[in-house]
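Engineer: After the structure tokens below, expect a handful of questions from me.
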Amino acid sequence: MININNVTKTYGSGIKAVDGLTLEIRKGEIFGFLGPNGAGKTTTIKMVTGILPPDEGTILINGYDISKDPINAKMEIGFVSDDPNVFERLKGLEYLNFMADIYKVPAEGRRERILELAEEFDMKNALDDKIQSYSHGMKQKIVVMGVLIHDPDVWILDEPLSGLDPKSSFTLKKIMRDHADKGNTVMFSTHVLEVAEKVCDRIAVINKGKILFVGTLAQMKGSLKTDTSLEKMFLEMTDDE
Ligand SMILES: Nc1ncnc2c1ncn2[C@@H]1O[C@H](COP(=O)(O)OP(=O)(O)OP(=O)(O)O)[C@@H](O)[C@H]1O
Ligand SMILES: [Mg+2]
């Protein structure tokens with residue numbers, strides 16, 4: 001569960017990237033975070049994961065305050081950033097073991113888990129290569145595997161599907177669904193409206209740092225009183241004019 005209460009962030013340039021944002025992301029749901037470029041999605045995600053401190057407001061991860069109790073809060077989180085260029089000089093296997101160490105995954109069963117994931121994501125032959133040699137999609141996969149290795153309750157993913165091929169994208173969507181169905185929390189941002197439509201239990205639409213809508217797609221359709229595609233609704237909501 002993620003509780004975002006009245007969170008605001010202004011960058012040095014004076015732009016309010018996130019403006020009084022309040023959201024509750026519940027256990028058991030896949031929550032989609034939608035908005036055009038520059039809407040404030042990544043800024044919100046960086047605050048939720050403790051990378052950026054908010055100027056105002058509070059964020060709780062399963063009850064732990066990310067500012068006051070960062071270690072406990074972060075132990076609950078698996079984060080896939082929009083930039084998969086991490087620890088480039090490590091080999092895939094070293095990275096996975098490093099993630100497992102940081103998150104205190106017991107040594108027992110670790111190898112099996114890694115091989116299982118490598119199989120699922122078609123990465124078996126790449127584990128002994130350095131991450132810097134990987135393609136964009138492979139880098140993304142190793143980061144996702146790094147999250148799955150410690151299997152935290154709350155998953156936060158910033159555009160996780162961009163760059164993944166259809167098979168890996170399918171695998172990741174299935175894994176997200178299974179994770180949520182076990183009573184965990186999954187939040188991800190996307191531009192791909194079809195993905196949001198197919199995968200998410202609830203969505204939020206954000207523009208210029210403010211929430212325009214939160215709810216199910218059915219509720220969104222109801223609120224606009226027109227039976228239209230998510231794409232049309234999205235364009236209508238985020239249109240400046
Ligand atoms: N480090 C920074 N310094 C100044 N302004 C920034 C910085 N990072 C982001 N911004 C601005 O904050 C706003 C929100 O950016 P953010 O990256 O959160 O958007 P986003 O919704 O993730 O967009 P995208 O879909 O392109 O990833 C934008 O206007 C952006 O230009
Ligand atoms: Mg972004």
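Engineer: Check the range 103-120 and report whether any residue there is assigned to a helix (DSSP H, G or I), touching a residue at least 40 places away in the same chain (Cβ under 8 Å), of a type in the set (G, A, S) and away from ligand 2 (no atom under 16 Å from the Cβ). Quick ask: steps written out before the conclusion?
Structural biologist: To start, the set of residues in the range 103-120 that are assigned to a helix (DSSP H, G or I) comprises 110-120.
Narrowing the set further to residues that are touching a residue at least 40 places away in the same chain (Cβ under 8 Å) leaves 120.
The next check asks that each one be of a type in the set (G, A, S); those that pass are none.
No, the conditions are met nowhere in the range 103-120.
Engineer: Name the residues in the range 1-38 that are at pLDDT 95 or above, among the hydrophobic types (A, V, I, L, M, F, W, C) and more than 19 Å from M176 (Cα to Cα), would you?
Structural biologist: The answer is I4, V7, A17, V18, L21, L23.
Engineer: Do you know which residues across the range 9-36 are within 12 Å of ligand 1 (Cβ to nearest atom), of a type outside the set (F, W, Y) and touching a residue at least 24 places away in the same chain (Cβ under 8 Å)?
Structural biologist: Selection gives K9, T10, K16, A17, V18, D19, L21, L34, G35, P36.
Engineer: Quick test for you: out of M99, M75, pick the one residue that is within 30 Å of S133 (Cα to Cα), in contact (Cβ under 8 Å) with a residue 12 or more places away in the chain and in contact with a His (Cβ under 8 Å, 6 or more places away or on another chain).
Structural biologist: Working: M75 fails: in contact with a His (Cβ under 8 Å, 6 or more places away or on another chain).
None of the other options fit; the residue is M99.
Engineer: Which residues, taken from the range 170-208, are in a helix (DSSP H, G or I), away from ligand 2 (no atom under 16 Å from the Cβ) and in contact (Cβ under 8 Å) with a residue 60 or more places away in the chain?
Structural biologist: We begin by selecting, within the range 170-208, every residue in a helix (DSSP H, G or I); these are 170-181, 193-199.
The next check asks that each one be away from ligand 2 (no atom under 16 Å from the Cβ); those that pass are 170-181, 194, 197-199.
Answer for the range 170-208, where residues must be in a helix (DSSP H, G or I), away from ligand 2 (no atom under 16 Å from the Cβ) and in contact (Cβ under 8 Å) with a residue 60 or more places away in the chain: M176, R177, A180, D181, V199.
Engineer: Further, regarding this structure: Is there a residue in the range 78-92 that is within 16 Å of ligand 2 (Cβ to nearest atom), crowded, with 19+ Cβ neighbours inside 10 Å and not hydrophobic (A, V, I, L, M, F, W, C)?
Structural biologist: Initially, the range 78-92 is screened for residues within 16 Å of ligand 2 (Cβ to nearest atom), giving 79-85.
Filter once more, so that each one left must be crowded, with 19+ Cβ neighbours inside 10 Å: 79-81, 84.
From what's left, not hydrophobic (A, V, I, L, M, F, W, C): 81, 84.
Yes: one or more hits.
Engineer: If you don't mind, there's one more thing I want to ask. When only residues in the range 116-133 that are within 12 Å of F87 (Cα to Cα) and surrounded by fewer than 20 Cβ atoms within 10 Å (Cβ to Cβ) count, which is nearest to the chain's Cα centre (by Cα)? Walk me through how you get there before you give the answer.
Structural biologist: First, the residues of the range 116-133 that are within 12 Å of F87 (Cα to Cα): 130-133.
Imposing the further condition that a residue be surrounded by fewer than 20 Cβ atoms within 10 Å (Cβ to Cβ) reduces the set to 130, 132-133.
Values: K130: 25, Q132: 23, S133: 25 Å.
For the range 116-133, the residue satisfying everything is Q132.
Engineer: Run S162 past the list (1) crowded, with 20+ Cβ neighbours inside 10 Å; (2) within 16 Å of ligand 1 (Cβ to nearest atom) and report the number of the one that doesn't hold.
Structural biologist: If we test S162 against (1) crowded, with 20+ Cβ neighbours inside 10 Å; (2) within 16 Å of ligand 1 (Cβ to nearest atom), just (1) comes out false.
Engineer: Name the residues in the range 7-59 that are over 16 Å from the mean Cα position of the chain (by Cα), assigned to a strand (DSSP E or B) and either among the acidic types (D, E) or buried (at least 18 other Cβ atoms within 10 Å of the Cβ) (or both), would you?
Structural biologist: V7, K9, A17, V18, D19, L21, E56 - these are the residues of the range 7-59 that are over 16 Å from the mean Cα position of the chain (by Cα), assigned to a strand (DSSP E or B) and either among the acidic types (D, E) or buried (at least 18 other Cβ atoms within 10 Å of the Cβ) (or both).
Engineer: Any chance the range 217-225 includes a residue that's farther than 26 Å from W155 by Cβ and in a loop (DSSP other than H, G, I, E, B)? Working first, answer last.
Structural biologist: Taking the range 217-225 first, the residues farther than 26 Å from W155 by Cβ are 221-225.
Remaining after also requiring in a loop (DSSP other than H, G, I, E, B): 225.
So far as the range 217-225 goes, yes, one or more of its residues are farther than 26 Å from W155 by Cβ and in a loop (DSSP other than H, G, I, E, B).
Engineer: Then there is this: Given the condition among the acidic types (D, E), within 14 Å of ligand 1 (Cβ to nearest atom) and crowded, with 21+ Cβ neighbours inside 10 Å, answer yes or no: does some residue in the range 147-158 qualify? Explain how you work it out, then say what you get.
Structural biologist: To start, the set of residues in the range 147-158 that are among the acidic types (D, E) comprises 151, 153, 158.
From what is left, the residues that are within 14 Å of ligand 1 (Cβ to nearest atom) are 158.
Still in the list and also crowded, with 21+ Cβ neighbours inside 10 Å: 158.
Within the range 147-158 (the criterion being among the acidic types (D, E), within 14 Å of ligand 1 (Cβ to nearest atom) and crowded, with 21+ Cβ neighbours inside 10 Å), the answer is yes, since at least one residue qualifies.
Engineer: Scan the range 46-58 and give yes if some residue there is within 16 Å of ligand 2 (Cβ to nearest atom) and polar (S, T, N, Q), otherwise no. Break it down stepwise before answering.
Structural biologist: Quick first cut of the range 46-58, residues within 16 Å of ligand 2 (Cβ to nearest atom) only: 46-49, 51-52.
From what's left, polar (S, T, N, Q): 49.
Yes, some residue in the range 46-58 is within 16 Å of ligand 2 (Cβ to nearest atom) and polar (S, T, N, Q).
Engineer: Could you tell me whether K141 is free of Cβ contacts under 8 Å to residues at least 60 places away in the same chain, more than 16 Å from ligand 2 (Cβ to nearest atom) and crowded, with 22+ Cβ neighbours inside 10 Å?
Structural biologist: On the way: free of Cβ contacts under 8 Å to residues at least 60 places away in the same chain: yes; more than 16 Å from ligand 2 (Cβ to nearest atom): yes; crowded, with 22+ Cβ neighbours inside 10 Å: yes.
Spelling it out, K141 is indeed free of Cβ contacts under 8 Å to residues at least 60 places away in the same chain, more than 16 Å from ligand 2 (Cβ to nearest atom) and crowded, with 22+ Cβ neighbours inside 10 Å.
Engineer: Within the range 103-115, how many residues turn out to be within 23 Å of D82 (Cα to Cα), surrounded by fewer than 19 Cβ atoms within 10 Å (Cβ to Cβ) and among the aliphatic types (A, V, I, L, M)? Don't jump to the end; show me each part of the working.
Structural biologist: Residues of the range 103-115 that are within 23 Å of D82 (Cα to Cα), as a first pass: 103, 114.
Then keep just the ones that are surrounded by fewer than 19 Cβ atoms within 10 Å (Cβ to Cβ); that gives 103.
Imposing the further condition that a residue be among the aliphatic types (A, V, I, L, M) reduces the set to none.
So the count comes out to 0.
Engineer: If you don't mind, there's one more thing I want to ask. Would you mention how many residues in the range 64-88 are not in a loop (DSSP other than H, G, I, E, B) and not β-branched (V, I, T)? So that I can check it myself, show each step before the final result.
Structural biologist: Residues of the range 64-88 not in a loop (DSSP other than H, G, I, E, B): 64-65, 70-75, 77-80.
Subsequent filtering for residues that are not β-branched (V, I, T) retains 64-65, 70, 72-75, 78-79.
Residues that pass the stated criteria total 9.
The values are calculated or read from the model by the stated rules, or taken from the named source; none is laboratory data. If you're wondering where the values come from, they're calculated on a predicted model, not measured in any experiment. Reconstructed Cβ throughout: ideal geometry from the backbone, glycine too, with neighbour counts over all protein chains shown.
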